Amino acid sequence: MFSCYLVLDSSSAKSDLAYENRERGFTMVKMCSLALFPPLSYGQITLCESNNELLSGTSSDEALKQDFIPPSLHFPRESLKLHSRPESSSKAAFLDHSETLWMRSAAAWRDGGLSGLLNEITTSHSEAPKWLSVTSGCILAVLRWVSSFHGSLFPHVTLSSEDMITEFSQVLNWPDCVVRAFSWHPHTDKFAVALLDDSIKIYNPKSAITPTLKHRLQRNVAAVQWKPLCASALAVACQNCLLVWHVDPCSLSTRPSSSCAQVLSHPGHSPVTSIAWSPSGSLLLSASPMDMSMMVWDVAAESCVPLHRVGGGGVTFLSWSPDGSHVLSSTPSPLFRVWETRTWTCERWPCIKGRCQSGCWSPDGSRLLFSVQGETVIYALTFTGTPGAPASGFRGPEAAVVVADLSETTFNTPDGDVTVGGEVQSLAWDPRGERLAVLFKGDPQAANKPAIVAVFKTRANPVFELLPCGFVQGEPGAEPRLMQFHPNFRHGALLTLCWSTGRITHVPFYFLSTSGSFVGLGGSPSLPRLQEKPADFSHQSLFTELIS
Amino acid sequence: MFSTETSCWFIRKVICWRAAASIAWSVLLLPPTTAVFVLLSKFSLLQPIQTISECLSLISASSIFSFILLGGVIVMVGFLILEYYTVIPTIACSKIALLSQLLHPRQFINSIGHCLMGVIVGWCCAVTIGHRYKMLGRPCKISDGYSQMCLNEHHLIFLLAGAFVGFSHSLLGVIHNINYISFQIVQQHKYLRFKGSLPLVLKCSATQAFYSVRNYIVVYFFLGYIPKTWVCKTLNLQLEGSVHPLDSIAVLLDLSLLYHLWISATFLLFTWYITLLLFRIFVTEVYTFPVQSTFTEDSHQSLPKVLTDKQPMILKFLALQDLALLSQHSPSRRSEVFSLSQPGGHPHNWNAISGECLSLLAALTQRLAAYHETVATNGRAKSLSSGSERITSEPSSTGTEDPMSPRPVFLMKTPNIAFARSVGGSSQSPLTIPFTPDLDSPFASPALRRLIAPVEQCSPWHGTVQSPHIMRRAPKLWSTSTDLQVNGSPPPSPATVPGPKQEISKPSFLAQFLQNRKEQVKHFLAKRVLIMYLFNKLPEASSQALFADSQAHIWALEGLSYLVQASFTEDQFGVVQTTLPSILSSMLLLQEAVDRHFKLPHASSKPVRSTSSMEDSTYKTLRFALRATLKTAIYRITTTFGDHLNAVEMSAEHRKRLQQFLQYKE
């Protein structure tokens, strides 16, 4: 097996992404299609990567157990006590209709705002004066018409909030997931797991206590993230608000009270689908597809600064670069923005096909990989120049380049043909910048098109390159739903996967880091692209060595 | 007006220009605002075309004159804001303190100014709206036939409404600390920040105008006859008998009048709030100080020099903000901080910057410790004898703050206020609370001070501050500072000053007598409800007052921790290493003090957030921000240095504490 390199005209990449204006010469693009991957071993479970090879076995117990690998967890679906349906649907049955119209109107105003009030008055036309019910009916009709017009501009606003989270979440098939969100602590070995029953559990290998966090407002958790440079703070993106839990690591309590949680909410900013802490731990960003502004929270003071930009119709996904200099924010429309965090200005990047589904940053913050809905490629943006320099200003990228072609590829296995590839659900890059995991959506209808995780080897120096590593497979019948790399795994990279069965497993990738050290603040500037070719040959040999 | 500050280059060269720019922009924004106001005030749903023609017909000499007047009002408001702004809020710890703030002569001038400008804006609005509001007098027929000038009450009601709204704006400004200027957590461009806050300003002015007009109507309903008869007398106008007087029920039902009053009040508040907003945006803009000045005559403008200045506060704050930003974002300026002086090779820049930051932190630690001691001792039942023993030290305790902040403190105003008030503010001695010796504070109203001074003098807390705990603490602080000297960095000055100097003499008979009388007076007064109401401490206000200037500490912490983090890779000469032990120990000391403070009642209760007001309530949550920043700062250092910190010299207690941070258990 050998890898092939395609030389693409950058204009062909431009046909997919509309760029602002600048012209660039030919760009050498190395295509790394899925056909070059080691073949699928069907029915086997991927255990780890060792000596440049993915090892697999028939059961997860076979794994060469090491102390530093956290044990895998299992949350059987049956063990979770699920809520009965949300109260909105059952509310009418319990509402006391013998109350006066005014009491009910007040309640409706409190619960549903203006439209709730109008709705209440219109429906109870027998009690209300005729002119009142007619007027409110008219206003309601106008409101609905306006909102439907707005909905035709931005179709996502007509979705219910659960559907919206499903649509924009990084988790595959979010409503059906037992594990809805997962987050490693950035400095220690503990992690938080948000479950289907809206509770959050915190696991720490060093302690036997697993605190369970429950809160009245903690509904439909879309994302959780630990605050960097802090031992205790955990931000939770809920349906109606943001919660920031302060879980004392020394506490022996298994059920921290709701008073440990700060509630951050802003009118119109719900559901929250994505959150991102600044790597310095000082600010928290939150995004909602219904709100055109991205919120910058000062969590301790519970105050926020909305960063409003017209266009896009909302913000769906946020990703803060590890060096803290840039933030990716994608919108429900085919448009995403890259903010620089010094003065909070942004670059607009319109796409043609669809919205930006997922993105991830290289450890030094100089390169952004992202995938676009409806396309089967990974794009890269490269940011050169030092973002910290005061006067010179940083130089943004001129064009996005295609770094990987992920079109569907069929593998022959004993159980029949399996098609792999297609649209990307999420991307994850390990903190050393050596492994890139790509979660494919698959096709839930077709049996031979499963969702699967493909892992690439990446290298940033001396040139950026992408080499195939392999597919990560779980138990038969289990689909990967969510993945995250351990933030400081000493022996390489550790990929944590949450499966549709409710199992959480960890796949270690053992390798020696070439860069040696972790992220420096100022990453070395990447070399010009022209030098790419000679370097490629040197790695080709590495690649052949791997599969021999 | 700037008697003390004219000497400062920064006020002259930067702040004045920024203020001028903000005023210019608010005057430039006046035409569109006025246009919208005219359109809304003339609007009639039934005759849209007539509305437009009426609006166009307004362009005349009188309207241009009123427009110029409006511009003048904006300039005056801008000047008042420039004169009264503060970066450290004044927090009243009791009702009486708030009252004395309101009655302070300085504030009185402010209120009168706003009142007058309100009248002018009211006149302009009345003239612009026209119709029945246009003139103060109008010809009318008295019963015996010949015509005379009568009072047009509709005009008068506008003038008075302007005065009322202006006055209430200035009063509410005191209560809500509207003159307080906070700094943003993110640095946006001025235009974007302005655009982002515009909807809020509009909403605030509309709701505020609504409440003001409501209150005004009530006041006018009851007291409206006084100004009416006064105006009639002075201007020799007649009251028209045939027309309904406006201080009647009828006016409450006159929707058109109410609408015009509301829209005028909204216009007034909107233009003033815009001026305020622009001033805030312009003044808090980042100013980049050179770390190292190229020419000697500019050396007083370099960052290390500016940081050590005590006045003006705005300069200090902007310098600290610049320090926090440069430490975070710009490697080139960081390298200047770490650089050595050319002949000699001394790290002057780093020494000056770190020394100033450390002394800020030490000052806060001491302030917190002193507060804690007072609260703790006041909470206990004190024996009379111990009290009398302390009262003898009265003469030396006139400057109680001295042992606490021996350095010519960087905050000339507020720490005194904060400290004195909060210290005195425990429930045991409610009478001592609100008055401070500070001349610049609003409490310096002479009459009130005379009234209270005797009580204050025999208050017990002067003595209690000097409790054995402080004495015990002093050597500890001192030992850490010797540490500093060993390490070759300039000592953070407050720590090195020896403990309280105070000779304890025998309790005299007179002192005991005074003490007894004082207790009696206190008991007597405490039973009176009104006095209790006025003097009772507002919950958590003392906590807010303690942390009133904590934005400076937050920046100092951020600046230090980012610089230390960067020094791990960027500091070529090991400049930072020499100061690292003292940085760590002062942070840990502060952490300990802050932790202890948050265990007090009310300290950790969150204030209610008001969303629809121009009030900047950042100062209410500064203590939480400080706590979070402090923890993050320590973590930033421990995460960067990791186990290397074991090689740093420090006390066993601190090492234990630091170990907690290294294991992420805090």
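The values are calculated or read from the model by the stated rules, or taken from the named source; none is laboratory data. All values reported here derive from a predicted model rather than from experimental measurement. Cβ atoms come from the backbone with ideal geometry, glycine included; neighbour counts cover every protein chain shown.
Residues that are within 14 Å of another protein chain (Cβ to nearest Cβ), touching a residue at least 60 places away in the same chain (Cβ under 8 Å) and in contact with a Phe, Trp or Tyr (Cβ under 7 Å, 6 or more places away or on another chain) do occur in region B:314-321, at least one of them.
If you go through region B:605-638 and pick out every residue that is part of a loop (DSSP other than H, G, I, E, B) and at the interface with chain A (Cβ under 10 Å from one of its Cβ atoms), you end up with 5.
Scanning region B:581-590 for residues that are farther than 19 Å from B:GLN660 by Cβ and more than 8 Å from chain A (Cβ to nearest Cβ) turns up at least one hit. Evaluated against (1) under 28 Å from B:SER100 (Cβ atoms); (2) in a strand (DSSP E or B), B:LEU160 falls short on exactly one condition, (2). The numbered conditions (1) in a loop (DSSP other than H, G, I, E, B); (2) within 14 Å of chain A (Cβ to nearest Cβ) are all true for B:GLN311 except (2). For the subset of region B:158-197 comprising residues that are more than 22 Å from the chain's Cα centre (by Cα) and free of Cβ contacts under 8 Å to residues at least 24 places away in the same chain, which member is farthest from B:ALA21 (Cα to Cα)? Result: B:GLY196.
Residues that are of a type in the set (A, V, I, L, M), farther than 21 Å from A:PHE68 by Cβ, touching a Ser or Thr at 6+ places or on another chain (Cβ under 6 Å) and buried (at least 18 other Cβ atoms within 10 Å of the Cβ): does region A:163-178 have at least one? Taking every residue of region A:163-178 in turn, at least one turns out to be of a type in the set (A, V, I, L, M), farther than 21 Å from A:PHE68 by Cβ, touching a Ser or Thr at 6+ places or on another chain (Cβ under 6 Å) and buried (at least 18 other Cβ atoms within 10 Å of the Cβ). Among residues of region A:482-493 that are on the phi > 0 side of the Ramachandran plot, those with a beta-carbon under 7 Å from a residue that is in a strand (DSSP E or B) and crowded, with 19+ Cβ neighbours inside 10 Å at least six positions away or on a different chain give the pairs A:GLY492/A:PRO508; A:GLY492/A:PHE509. Note on region B:5-92: enclosed helices (runs of 4 or more DSSP H) holding 3 or more residues that are modelled with pLDDT of 90 or more and closer than 30 Å to B:GLU540 by Cα are B:61-84. Count of region A:200-224 residues, restricted to those that are in a strand (DSSP E or B) and surrounded by fewer than 22 Cβ atoms within 10 Å (Cβ to Cβ), is 3. Condition check for B:SER335 on (1) under 20 Å from B:LEU580 (Cβ atoms); (2) out of contact with any Phe, Trp or Tyr (no Cβ under 9 Å at 6 or more places or on another chain); (3) within 14 Å of chain A (Cβ to nearest Cβ); (4) buried (at least 20 other Cβ atoms within 10 Å of the Cβ): one failure, at (4). Tallying residues that are in a helix (DSSP H, G or I) and either at positive phi or facing chain A (nearest Cβ under 9 Å) (or both) within region B:639-666 yields 4. Inside region B:197-208, can you point out the residues that are within 17 Å of B:SER26 (Cβ to Cβ) and within 11 Å of chain A (Cβ to nearest Cβ)? The answer is B:SER197, B:LEU198, B:LEU200.
Out of curiosity, is B:ALA566 surrounded by 15 or more Cβ atoms within 10 Å (Cβ to Cβ), within 12 Å of chain A (Cβ to nearest Cβ) and part of a helix (DSSP H, G or I)? Here the answer is yes, as B:ALA566 does meet what is asked. Remark: B:TYR211 falls outside the filter, which requires a residue to be surrounded by fewer than 14 Cβ atoms within 10 Å (Cβ to Cβ), free of Cβ contacts under 8 Å to residues at least 60 places away in the same chain, within 14 Å of chain A (Cβ to nearest Cβ) and of a type outside the set (Lys, Arg). When you scan region A:203-224, do you find a residue that is touching a helix residue (DSSP H, G or I) at 6+ places or on another chain (Cβ under 8 Å), within 23 Å of B:GLN660 (Cα to Cα) and either among the aromatic types (Phe, Trp, Tyr) or modelled with pLDDT of 90 or more (or both), even just one? No - not one qualifying residue is present in region A:203-224. Scanning region B:526-542 for residues that are at pLDDT 75 or above and closer than 25 Å to B:TYR371 by Cα returns B:ILE531, B:MET532, B:TYR533, B:LEU534, B:PHE535, B:ASN536, B:LYS537, B:LEU538, B:GLU540, B:ALA541, B:SER542.
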